[in-house]
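**Q** This is the structure, below, for whatever I ask next.
Where a number appears in this text, it was derived from the coordinates with a stated rule and is not lab data. Note that this is a predicted model, so its numbers are computed, not measured. Positions of Cβ are generated from backbone atoms using ideal geometry, with glycine treated the same way; all protein chains shown enter the neighbour counts.
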Amino acid sequence: MRLLVIGALSADLGTAARMAMARGIRLNQADDVAAALRMLRNDAGIDLVLCDLTQDVAALLADLRRERMRIPVVATGVDPDPALVESAIIAGARDFLPLPPDPELIAAMLQAVSRDSADFIARDPVMLATLRRAEMVARADASVLICGESGTGKEVMARIIHRASRRADGPFVAVNCAAIPEALLESELFGHERGAFSGALARRIGKFEAAGGGTLLLDEISEMDLRLQAKLLRAVQEREIDRVGGSGPVKIDVRILATSNRDLPAEVAAGRFREDLYFRLNVITLRVPSLRERPADIPALAAHFASRFAEVNGLPPRPLTEGAVRRLVGHGWRGNVRELENVVHRAVLLTEADTIGVEAIELGPNATDLAAAPTPNPDDAASFVGRTMRAIEQEAILRTLQHTLGNRTHAAEILGISIRALRNKLRDYSEQGAAVPKPPSGLATEAA
């Protein structure tokens, strides 16, 4: 992960930068907003901007929007004027980091932006076999299509492949094709020249060029528009791209990994995904098993999440009781590892005892056990009688969002809809006066 700090690397801001570097973050620095914009236009590999409140944070955010650069910005400062902090948040800053820096807050900030947990936690033979296959395909330079249900850890698997490849010293650049609006995705991938469209104030390097010499991950590629798929096919075949508004092709040197939670052959048959692009990407297929298929991993994953979230939230470590572990192992986990992560995070926050017991494991209103399906409750079924489908859908979405602590990306994955569709529905609900759950401070709400 790469961090751009805007401001002088002295005193407390310099300390915050060193704390981030100690966690493996690669650091870039700009003295002011103008220098930062020049750097961002020419380097699409920066993941997060940390901007001192002595700089014009609102102007930075306005310029990023005008130039269609989707980069999260966190404001920071020492004893700041509350009005400045409020104006930065209103302008679009993701969060505020108070100085002097606190190591836990630094960790939470980085965790909210990057979900890379370094390695798969694997104990189950099914998962261990998948990891062995990943290590084998990593040595080649061929494209890899990583399939699996939402929340199984496909992006983490892609990072494992990159680290084990001959391109490990090069950049790893990930693009979430589902989270970026269609109108912006082409520029995000291929870059643009000055004047190519309204707001293109300067030439900007896209993700393909930013990943030069390394790996480009096209996350949830099945969400990409068919028109853009044609341009992507040419990039994969010819190893060259055309910037939006460009006058000639640009050679690229990247390894392409792609993920999808959909049945791509079915998408091809339905005309929603190009067959020629599918065969170009599907040189090697790697399927990440669902959590239901790897139950032996659940205790280790739960213990890992319990330890991590206790540390991030400044709480004492609390082990899971045997009963709590049995409850977790017996659950159906439609949302896979990400659902497990949310459940354990909630348990860590709500537990007051020295251990995390069964009573702290809240699995939500639609919980399903593997051991036995629950008997339908007639009262629950009766609650739907006489209600419109729209009202029932709204209740399901809002309950799921509450279950995920307000995390929209996780909620969309559990519901089986795109983040774009979820955003639109939540906007409609808010306009109608419905209370839309929000995450606790410091938690990411959706993919950047």
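**Q** Using mean Cβ contacts within 10 Å as the protection proxy, how do 59-70, 203-214, 264-275 order, highest first? Can you show the working numbers first?
**A** Working: 59-70: 17.3, 203-214: 21.0, 264-275: 14.5.
Ranked by mean Cβ neighbours within 10 Å, highest first: 203-214, 59-70, 264-275.
**Q** If packing is taken as the average count of other Cβ atoms within 10 Å, what order do 306-312, 334-340 fall into, highest mean first?
**A** Working: 306-312: 18.4, 334-340: 22.9.
Highest to lowest by the protection proxy: 334-340, 306-312.
**Q** Say each of Arg65 and Arg163 gets a label point 7 Å from the Cα, pointing the same way as Cα to Cβ; how far apart are those two points in nm?
**A** 3.7
**Q** Which residues does the label zone of Asp354 cover in the stretch 300-331, counting backbone N under 17 Å from a point 7 Å along Cα→Cβ?
**A** Zone members listed by number: 316-323.
**Q** What is the total of Lys pairs in the chain with C-alpha atoms under 27 Å apart, excluding same-chain pairs fewer than 8 positions apart?
**A** 8
**Q** Taking 1 over the mean of 1/r across every pair of different Cα atoms in the chain, what Kirkwood radius in Å do you get?
**A** Details: mean 1/r = 0.0426 Å⁻¹.
That comes to 23.5 Å for the chain.
**Q** So, one more: Quick check: Cα centre of the stretch 63-90 to Cα centre of the stretch 239-271, how many Å?
**A** Distance between centres, Cα-based: 33 Å.
**Q** Could you calculate the FRET efficiency of Phe197 with Glu104 from 1/(1 + (r/R0)^6), where r is the beta carbon distance between them and R0 is 25 Å, rounded to 0.05?
**A** Details: r = 42 Å, r/R0 = 1.69.
Once the sixth-power term is evaluated, E becomes 0.05.
**Q** What spacing in nm lies between the two simple spin-label points modelled at Glu238 and Leu27, each 7 Å away from Cα in the Cβ direction?
**A** 4.2
**Q** Turning to a different aspect of this structure: Quickly estimate the mean residue ellipticity at 222 nm for the chain, helices only: each DSSP H run with n ≥ 4 gives -39500 (n - 2.57), and the total goes over all residues, rounded to 500.
**A** Details: 19 runs with 195 residues, N = 448.
That calculation yields -13000 deg cm²/dmol at 222 nm.
**Q** I want to check the label-to-label distance for Ala296 and Glu311. Put each point 7 Å from Cα in the C-beta direction and report it in nm to one decimal.
**A** 2.6
**Q** Give the calculated FRET efficiency between Leu84 and Asp12 to the nearest 0.05, with a Förster radius of 22 Å applied to their Cβ-Cβ distance.
**A** After rounding to 0.05, the efficiency reads 0.85.
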